[in-house]
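K.L.:
Encoded as structure tokens, here's the structure I'll be asking about.
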Amino acid sequence: PPRVFSGIQPTGSIHLGNYLGAISQWIKLQDQNEDLILSIVDLHSITLPHDPKKLSRNILELTATLLGCGLDPSKVILFQQSMVSAHTELCWCLGCISTMARLAHLPQYKEKSANLKNIPLGLFVYPVLQAADILLYKATHVPVGEDQLQHIQLCQELAKIFNNRFGQTFPMPHTLKISNEYSRIKSLRDPLKKMSKSDPDEKSRICLTDTPDTIVRNIKKAVTDFTSEVTFDPENRPGVSNLISIHSFATGKTVEQICKEAEHLDTGRYKFVAADAIVAYIKPIQESIAQYLDDKGYLLSVLAEGGEKASEIAEVTLKEVHNKLGLRVKY
Ligand code: TYM
């Protein structure tokens, strides 16, 4: 039976890339009654130096954000990765069938380690932990944005290697492709880059927690090009097309409709129209997030319950893996 797994890091505020590329997709799957398991992957967030207090706060904030976006913990399993110790245990087992050469090739590792003198081992092992996340639940589908495709590919390879060496255990996990427009939302400062939590320039993104003023200002400053008409052409005009995509998502209008309505505007004036629509879309979500944030006890209870449900499934797989590897001695 199909089972969907996905994860999100509790590092900093959630931006529209995360929202369009992942969270809104999860809500859709929830509404289709899919078997959906979602993890706040806090262990992935300690692979680079971090502030413990801030991380704890971010975990609660992310929980409130996911609920505020519409995830319903009675319909999906929502849990915190570090509460289920089987993740790190399976990570070790999979690490023993991974090669250094393969991991060194992964683009996210190359990018994140490029400017470091001392590279943490955890950063290198990161994708193996991600594979463990997915395989632990025998997930068949993994909805992610484009930046995660190589990691899912590694996960597929590890599943294959494990199955070949130790007997059929894991179903092949497939990436759930989302509509191309939203699988890579671009940075507002450099439309050739993805919108990212780790970009030091806060003007490069729109976060769900931004005030309307900030959103309008950042969109106004968004890098476009020297053509003044509003046309949708992601290849040649990535900047303005990125805004149109987000605008289209926020209003439910097609990109053609948006361009038609903006016929008499130049890109400068169009930005205000897009910004207003985006602010209006985000506002109720923000209000809902704020309400959840007011009830920390409830947030903690959601994570505790999710952790128990996830552990139950995870422990069964871990036992099976231990058996297959000969770790559990049978008489
Ligand atoms: P993370 O926390 O960086 O991002 C969460 C999700 O948001 C998507 N995303 C984007 N989509 C479109 N445009 C963008 N600009 C954009 N930026 C981010 C990501 O593709 C992702 O789907 N390693 C993962 C977390 C993870 C995970 C997993 C995911 C850990 N274990 C198992 C799936 C399955 C990460 O850092 O995502």
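K.L.:
Show the residues, 5+ positions off or on another chain, whose built amide H is closer than 5 Å to the amide H of T175.
P.N.:
Distant-sequence amide H within range of T175: V142.
K.L.:
Follow-up question, since we're still on this one. Compute the signed sum of charges (Lys and Arg +1, Asp and Glu -1) over the other residues within less than 14 Å, Cβ to Cβ, of H141. Display every interim value, and only then the final one.
P.N.:
On the way: positive: R3, K28, K138, K177; negative: E34, D35, D133.
Net local charge, H141 excluded: +1.
K.L.:
For the stretch 250-267, just list the computed ³J(HN,Hα) in residue order, Karplus coefficients 6.51, -1.76 and 1.60, θ = phi - 60°, integers in Hz, with x standing in for Gly and Pro.
P.N.:
Coupling constants for the stretch 250-267: 5, 10, x, 7, 6, 5, 4, 4, 5, 5, 4, 5, 9, 3, 8, 10, 8, 4 Hz.
K.L.:
Next up: List, largest first, the extents of the alpha carbons of the stretch 216-291 along their principal axes, each in whole Å.
P.N.:
Projected onto its principal axes, the Cα set of the stretch 216-291 covers 43, 24, 23 Å.
K.L.:
Subtracting the Cα-Cα distance from 0.36 nm times the residue separation, let me have the gained length for E111 to E308 in nm, one decimal.
P.N.:
Working: separation 197, 0.36 × 197 = 70.92 nm, distance 3.54 nm.
Here the answer is 67.4 nm.
K.L.:
Something else now. Quick check: net charge around R269, other residues with Cβ under 15 Å of its Cβ, Lys/Arg +1 and Asp/Glu -1?
P.N.:
On the way: positive: K220, K221, K271; negative: E229, E261, E263, D266, D276.
Counting the neighbours of R269, the net charge comes to -2.
K.L.:
Suppose every Lys and Arg Cβ carries +1 and every Asp and Glu Cβ carries -1, with no other charges. What dipole size does the chain come out with about its Cα centre, to the nearest 20 debye? Provide the component values of the computation, followed by the final result.
P.N.:
Working: 37 positive and 37 negative charges, 193 e Å.
Its charge dipole is roughly 920 debye.
K.L.:
Then there's this: Can you pull the percent of Cα pairs in the chain with separation above 36 Å?
P.N.:
Working: 12260 of 54615 pairs.
Here the tail beyond 36 Å accounts for 22 percent of pairs.
K.L.:
Which translational diffusion coefficient, to the nearest whole µm²/s, is obtained for the stretch 1-113 from the Stokes-Einstein equation, given a Kirkwood hydrodynamic radius over C-alpha pairs, 4 °C and 1.567 mPa s?
P.N.:
On the way: Rh = 15.6 Å.
It comes out at roughly 83 µm²/s.
K.L.:
Among the listed pairs K75/K193; K203/K283; K75/K203; K75/K296, give every one whose C-alpha distance is greater than 26 Å.
P.N.:
On the way: K75/K193 35 Å; K203/K283 19 Å; K75/K203 35 Å; K75/K296 20 Å.
Beyond 26 Å between Cα atoms: K75/K193; K75/K203.
K.L.:
For Cα pairs less than 8 Å apart in space and 6+ apart in sequence, what is the mean separation divided by the residue count of the chain, i.e. the relative contact order in percent?
P.N.:
On the way: 489 pairs, mean separation 76.9, N = 331.
So the answer I get is 23 percent.
K.L.:
So, by mean Cβ neighbours within 10 angstrom, what's the order for 231-237, 9-15 with the highest one leading?
P.N.:
Details: 231-237: 13.9, 9-15: 21.4.
Packing order, densest peptide first, comes out as 9-15, 231-237.
K.L.:
Which order do peptides 140-148, 200-208, 278-286 fall in by mean Cβ count within 10 Å, highest first?
P.N.:
Numbers: 140-148: 19.8, 200-208: 18.0, 278-286: 16.4.
For the peptides 140-148, 200-208, 278-286, the packing ranking is 140-148, 200-208, 278-286.
Since every read-out is calculated from the coordinates, none of them should be taken as a lab result. These numbers come from a predicted model, not from an experiment. Using ideal geometry, Cβ is built from the backbone for each residue, glycine included, and neighbour counts are taken over all protein chains shown.
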